[in-house]
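A.B. asks: Here it is, the structure in full.
The values are calculated or read from the model by the stated rules, or taken from the named source; none is laboratory data. Predicted model only: the values in this text are computed from it and were never measured. Reconstructed Cβ throughout: ideal geometry from the backbone, glycine too, with neighbour counts over all protein chains shown.
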Amino acid sequence: MKSNRKRRNKLKSIYQWHRYVGLFAALFIIFITLSGIALNHTDDLALKKQHISNTFLLDSYNIQPPTRLLQFKTQGHTITQADDLLFINSGNVLAADTPLIGIVRLDEFLLISLTNTLLLIDANNQLIETLGNLDGVPNDISGIGYNKDQQVIIIANGQLHRLDTDLNIEKTTWDYNIHWSTEEIMSEGASSVVIQQYKSNIISLETLLLDIHSGRFFGSYGTLFFDLVGVIVLFLALTGVIIWAQQRTKQKAHD
């Protein structure tokens, strides 16, 4: 009798461990399954275009503030560069691998000058055309502005270039009466806002899901964590077999 009671208590203990550990494993497996399905449909769910802004998650990735902040304004438009990201009126974000030189209006469009590239932006803050060397844009642009006739002028290596409304670029004679686009001095508060915007556009939701799904998010503990999950699954399999065998034996005894 005492032996039977001890065996029942042992089986009950195994069953309880099996149940609680199984609950943890089930939650993990559900997450892995759902995240795996989401990653299989990255484009449909636009995971690459969604970025995380949670401070804890960003700190986990050790995202550093940008080393370069540049800002230019013209006629109600603000263009800010934080390292290799370009913020169009605090809305659309573009990649920019060279420094921001200045901005001007070109009819109903906004023209952004980088060192070797001109970007044409529409009223919806969308990039509609990129002009480079093949379009006649000179290298090493150091300034962009207007002359007295409201024509767009860019300067590169000491040479002035004129840009017409058809986006044709040609050299022009020197003119001292040019209103150059000048960099804005950013306040500490404005800089903080841009830095937060920058950090919030580094890690996409796809990257976060991939890192958690693979265990990379946990750093050096990721491998150990997944090893633990493997041990848990093995434990569930073994205890499941034990519980089944005990119940099977008990059922045969009653029969």
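A.B. asks: What number of residues within region 63-73 are modelled with pLDDT under 90 and under 18 Å from I144 (Cβ atoms)?
C.D. replies: Looking only at that region, the number is 0.
A.B. asks: Need pairs with beta-carbon distance below 6 Å; first residue farther than 12 Å from K199 by Cβ and within region 47-59, second assigned to a helix (DSSP H, G or I); sequence gap 6+ or separate chains.
C.D. replies: Pairs that qualify, where the first residue is farther than 12 Å from K199 by Cβ and the partner is assigned to a helix (DSSP H, G or I), are L47/L205; L47/E206; K48/E206; Q50/L205.
A.B. asks: I would also like to ask the following. Mind checking whether some residue in region 177-190 is surrounded by 12 or more Cβ atoms within 10 Å (Cβ to Cβ), free of Cβ contacts under 8 Å to residues at least 40 places away in the same chain and assigned by TED's automatic domain parsing to the domain that holds A95?
C.D. replies: So far as region 177-190 goes, yes, one or more of its residues are surrounded by 12 or more Cβ atoms within 10 Å (Cβ to Cβ), free of Cβ contacts under 8 Å to residues at least 40 places away in the same chain and assigned by TED's automatic domain parsing to the domain that holds A95.
A.B. asks: Please specify each residue of region 134-146 satisfying the condition of being of a type outside the set (V, I, T) and either free of Cβ contacts under 8 Å to residues at least 24 places away in the same chain or assigned to a loop (DSSP other than H, G, I, E, B) (or both). Step through it out loud before you land on a result.
C.D. replies: We begin by selecting, within region 134-146, every residue of a type outside the set (V, I, T); these are 134-136, 138-140, 142-143, 145-146.
L134, G136, P138, N139, D140, listed by residue number.
A.B. asks: The conditions are (1) modelled with pLDDT of 90 or more; (2) of a type in the set (D, E); (3) over 20 Å from T74 (Cβ atoms), and E206 fails exactly one of them. Which is it?
C.D. replies: (1) is the only condition that E206 fails.
A.B. asks: Testing D149 on (1) assigned to a loop (DSSP other than H, G, I, E, B); (2) touching a Pro at 6+ places or on another chain (Cβ under 9 Å), one condition comes back false. Which one is that?
C.D. replies: So D149 meets the others, but not (2).
A.B. asks: Now for a separate question. Which of the residues spanning region 29-59 are hydroxyl-bearing (S, T, Y) and in a helix (DSSP H, G or I)?
C.D. replies: Initial filter on region 29-59 (hydroxyl-bearing (S, T, Y)): 33, 35, 42, 53, 55.
Matches in region 29-59: T33, S35, T42, T55.
A.B. asks: Among the candidates V193, V152, which residue alone is at pLDDT 85 or above, within 35 Å of the chain's Cα centre (by Cα) and either surrounded by 16 or more Cβ atoms within 10 Å (Cβ to Cβ) or within 16 Å of L119 (Cα to Cα) (or both)? Break it down stepwise before answering.
C.D. replies: Numbers: V193 fails: either surrounded by 16 or more Cβ atoms within 10 Å (Cβ to Cβ) or within 16 Å of L119 (Cα to Cα) (or both).
It is V152.
A.B. asks: Something else about it: Looking at (1) modelled with pLDDT under 85; (2) surrounded by 15 or more Cβ atoms within 10 Å (Cβ to Cβ); (3) within 18 Å of the chain's Cα centre (by Cα), which one does I232 not meet, given that it meets all the others?
C.D. replies: Result: I232 fails condition (3) only.
A.B. asks: N62 versus (1) buried (at least 18 other Cβ atoms within 10 Å of the Cβ); (2) part of a loop (DSSP other than H, G, I, E, B); (3) under 15 Å from the mean Cα position of the chain (by Cα): which is the lone unmet condition?
C.D. replies: All conditions are met except number (1).
A.B. asks: Still on this structure, I have one more. Exactly one of these conditions fails for D211: (1) surrounded by fewer than 16 Cβ atoms within 10 Å (Cβ to Cβ); (2) in contact with a Phe, Trp or Tyr (Cβ under 8 Å, 6 or more places away or on another chain); (3) closer than 18 Å to L27 by Cα. Give me its number.
C.D. replies: Result: D211 fails condition (1) only.
A.B. asks: Which one is nearest to N133 (Cα to Cα) among residues in region 166-217 that are acidic (D, E) and assigned to a helix (DSSP H, G or I)?
C.D. replies: Looking only at region 166-217, we keep the residues that are acidic (D, E), and these are 166, 170, 175, 183-184, 188, 206, 211.
Still in the list and also assigned to a helix (DSSP H, G or I): 188, 206, 211.
Details: E188: 37, E206: 34, D211: 39 Å.
It comes out as E206.
A.B. asks: Regarding T249, is this residue over 38 Å from the mean Cα position of the chain (by Cα), modelled with pLDDT under 85 and hydroxyl-bearing (S, T, Y)? Before you say what the answer is, go through the steps one by one.
C.D. replies: Numbers: over 38 Å from the mean Cα position of the chain (by Cα): yes; modelled with pLDDT under 85: yes; hydroxyl-bearing (S, T, Y): yes.
Yes: the conditions hold for T249.
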